[in-house]
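> Below is the structure I would like to discuss, written out as C-alpha cells.
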Amino acid sequence: MSGYPRLLHTVLDTTDARELAEFYRQLLGLRYRPGDEPPTDGTADDRDWLVLRDSDGAAQLAFQLVDHLPRTTWPRHDVPMQLHLDFTVPDASELERQRERAEALGAKLLLDRADDPDEPLYVFADPSGHPFCIFVA
C-alpha cells in the first residue's frame, strides 16, 4: 500500500462533453467507460460527465460539462491556460503524422516548433480551446 494518493484521471471542462470526448478518443485511441458510449437510438446526448479509458481499462481523461468556458489567450496571459496536456511521439515523421491527424480531428495549431533541433513540437488547441502539445521525446 502506497502512502500517496493515486491520480485517477485528468478532467477537462467543456461546453460540449461528447465533442471533446470524441476528439480525444480518436486522437489517443481510447475507449469509453461502459455506459458512456454515444447513444445509438437517436435520443439526445445530454451527459454532463464522460470518461475515456485505455485498452487496459484504466481511466485516462474525463470531460465535465460547464455552461461557459473562456478560451485561453496563450501565449498572452489575459486568460491563462491553467493546464495543458503533453503527448510524445518517437520521431519527426510521427510528429508530422500526428499533426495531420490532430488537425483533421479539429485541433487548431497554436505554435509550430517542429524544426527545433532539441525538442521538436507542436502546440494545439483542442475543440474546447484547451492547449496540448505533441513533441518528440
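Since every read-out is calculated from the coordinates, none of them should be taken as a lab result. Keep in mind it's a predicted model, so treat the numbers as computed, not measured. Here the Cβ is made from the backbone with ideal geometry for all residues, glycine too, and neighbour counts use every protein chain on show.
> For an R0 of 22 angstrom, estimate the FRET efficiency from the Cβ-Cβ distance between D16 and T73 and round to the nearest 0.05.
0.60
> Something else now. Which value, in Å³ per residue, describes the convex hull spanned by the Cα atoms of region 85-136?
Convex hull volume per residue, Cα atoms: 60 Å³.
> Of the residues T72, T43, T14, which exhibits the maximal mean-square fluctuation in a Gaussian network model of the chain defined by a 10 Å Cα contact cut-off?
T43
> Using amide H atoms built in the peptide plane, which far-off residues or other-chain residues are under 5 Å from Y32 H to H?
Amide H neighbours of Y32, under 5 Å, 5+ apart: R53.
> When the dipole is taken about the Cα centre of region 10-65, and only Lys, Arg (+1) and Asp, Glu (-1) are charged at their Cβ, what size is it in debye, to the nearest 20?
220
> Now, a different point. Just need the relative contact order of region 1-108 here, percent rounded to a whole number, with Cα pairs under 8 Å and 6+ apart.
Over region 1-108, the number comes to 28 percent.
> Ok, one more. For region 3-137, what is the percent of antiparallel DSSP beta bridges, rounded to the nearest 5?
Around 65 percent antiparallel, to the nearest 5.
> To the nearest 20 debye, what charge dipole does region 15-114 have about its Cα centre, counting +1 at the Cβ of each Lys and Arg and -1 at the Cβ of each Asp and Glu?
Roughly 240 debye, rounded to the nearest 20.
> Could you compute Rg(Cα) / (2.2 N^0.38 Å) for region 10-65, with N its residue count?
Relative to the 2.2 N^0.38 Å estimate, region 10-65 comes out at 1.04.
> In nm, to one decimal, how far is the E119 label point from the Q26 one, both placed 7 Å along Cα→Cβ?
3.0
> Where does each of 65-71, 23-29 land if you order them by average Cβ count within 10 Å, highest first?
For the peptides 65-71, 23-29, the packing ranking is 23-29, 65-71.
> How far is it, in nm, from the label point at D112 to the one at D91 when both lie 7 Å from their Cα along the line to the Cβ?
Going by the 7 Å Cα→Cβ label model, 2.2 nm.
> While we're looking at this one, here's another question. Taking a temperature of 37 °C and a viscosity of 0.692 mPa s, what whole-number D in µm²/s does Stokes-Einstein yield for the chain with Rh from Kirkwood over alpha carbon pairs?
Diffusion coefficient, whole number: 203 µm²/s.
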